[in-house]
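Have a look at the structure below, then the notes.
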Amino acid sequence: MKVVLFCGGLGMRLRELTEVIPKPMVPVGNQPILWHVMQYYSAHGHRDFILCLGYKATVIKDYFLNYRPTTYSNFVVSGFGERIEILDHAQDDWRVALIDTGVWRNIGERLLAVRRHVENEPMFLANYSDGVTDLPLSEMIDWFEKSGKIAAFIAVRPTFSYHLIDMDEAGAVQAFRISQQSDMWINGGYMILRREIFDYIKPGEELVVEPFERLIAEGQLAAYRYTGFWASLDTLKDKQRLEEMVERGETPWLPHFDSAPSESGS
């Protein structure tokens, strides 16, 4: 199944970093967040990607033009570079379409811009490319196929905390506590769409506004509730949290393979 990744936004809440690189290229560990998202889909058997580029598109294009599996693997070189033995699991082969969809377009416009790349697909996956999860994707796909809906996304609990207070009518604080859990559900950014989604998008519209409202009116939008691991990369605090997890070796969104040496030519 093809995977559409929206990679063109300005990333204003990470402006300290996105002044020089686009948000999908913000590193988490030694790899950009985009790499983490693509590894997740690849581990579930989806390796045909369509990247909707915009802001600093050439940075992402250069990344893939110069990509080497050995950059993120342990390996042994012999024959003066003629032979490379990768000591980790071999990198899956990705097919990546890099499409410049414009700097100022919104998500709906970007999706319309790559329509010809997915319009022959009965359904396809889509993602904002700035969040990671250990969602069992095949289970969600099975659920979606049976639902008959046109679009669906994972609904997750927000990870931010609240400062909750109890106070009397005069405003005197009686209790103060931090809540790590919210009763709200939010769009987690992992979406499944049927090709009929294009019938609901008009030029200039944001995907999750007018088109989703039309789907809701027809009972064609569904949310897959997921209470497992999910984290987004929206702020420097989010980046720090994910960095710390990578340093501890806690990456539930990534596949964990047994080491399997393989050889490739240089």
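The values are calculated or read from the model by the stated rules, or taken from the named source; none is laboratory data. This is a predicted model, so every value here is computed, not measured. Cβ placement follows ideal geometry from the backbone for every residue including glycine, while neighbour counts extend to all protein chains displayed. Areas reflect the complete protein model, heavy atoms only, side chains present, ligands, DNA and RNA absent. Shrake-Rupley method; radii C 1.70, N 1.55, O 1.52, S 1.80 Å.
Structure notes:
- Test: PRO255 is open to solvent by less than 50 Å² (accessible area, probe 1.4 Å), under 30 Å from GLU82 (Cβ atoms) and modelled with pLDDT under 90: yes
- Strands (runs of 3 or more DSSP E) fully within segment 1-100 that include at least 3 residues being under 26 Å from PRO252 (Cβ atoms): 2-7, 48-53.
- Residue in segment 127-137 that is among the charged types (D, E, K, R) and either over 30 Å from TYR226 (Cα atoms) or open to solvent by 70 Å² or more (accessible area, probe 1.4 Å) (or both) present: no
Here is a yes/no grid of residues against (1) crowded, with 16+ Cβ neighbours inside 10 Å; (2) at pLDDT 95 or above; (3) farther than 19 Å from GLY189 by Cα; (4) in contact with a strand residue (DSSP E or B) (Cβ under 6 Å, 6 or more places away or on another chain):
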residue	(1), (2), (3), (4)
LYS2	yes, yes, no, yes
LEU5	yes, yes, no, yes
MET25	yes, no, no, yes
TRP104	no, no, yes, no
VAL114	yes, yes, no, yes
ASN120	no, no, yes, no
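- GLU85 passes every criterion in (1) over 21 Å from PRO211 (Cβ atoms); (2) touching a strand residue (DSSP E or B) at 6+ places or on another chain (Cβ under 6 Å); (3) at pLDDT 90 or above; (4) surrounded by fewer than 16 Cβ atoms within 10 Å (Cβ to Cβ) apart from (3).
- Yes/no for THR71 being in contact with a Leu (Cβ under 7 Å, 6 or more places away or on another chain) and among the hydroxyl-bearing types (Ser, Thr, Tyr): no
- Qualifying positions in segment 101-122 - in a helix (DSSP H, G or I) and under 25 Å from HIS44 (Cα atoms): ILE107, ARG110, LEU111, ARG115, ARG116, HIS117, VAL118
- Residue within segment 58-67 that is closer than 20 Å to SER232 by Cβ and either buried (at least 18 other Cβ atoms within 10 Å of the Cβ) or among the hydroxyl-bearing types (Ser, Thr, Tyr) (or both) present: yes
Table: residues versus (1) under 27 Å from ILE33 (Cβ atoms); (2) modelled with pLDDT of 95 or more; (3) outside any helix (DSSP H, G or I); (4) out of contact with any strand residue (DSSP E or B) (no Cβ under 9 Å at 6 or more places or on another chain).
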site: ARG177; (1), (2), (3), (4): no, no, yes, no
site: ASP183; (1), (2), (3), (4): no, no, yes, yes
site: MET191; (1), (2), (3), (4): yes, yes, yes, no
site: ILE216; (1), (2), (3), (4): no, yes, no, yes
site: TYR224; (1), (2), (3), (4): yes, yes, yes, no
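- Within segment 199-222, the only residue that satisfies the criterion of being touching a Pro at 6+ places or on another chain (Cβ under 7 Å) and among the aromatic types (Phe, Trp, Tyr) is TYR200.
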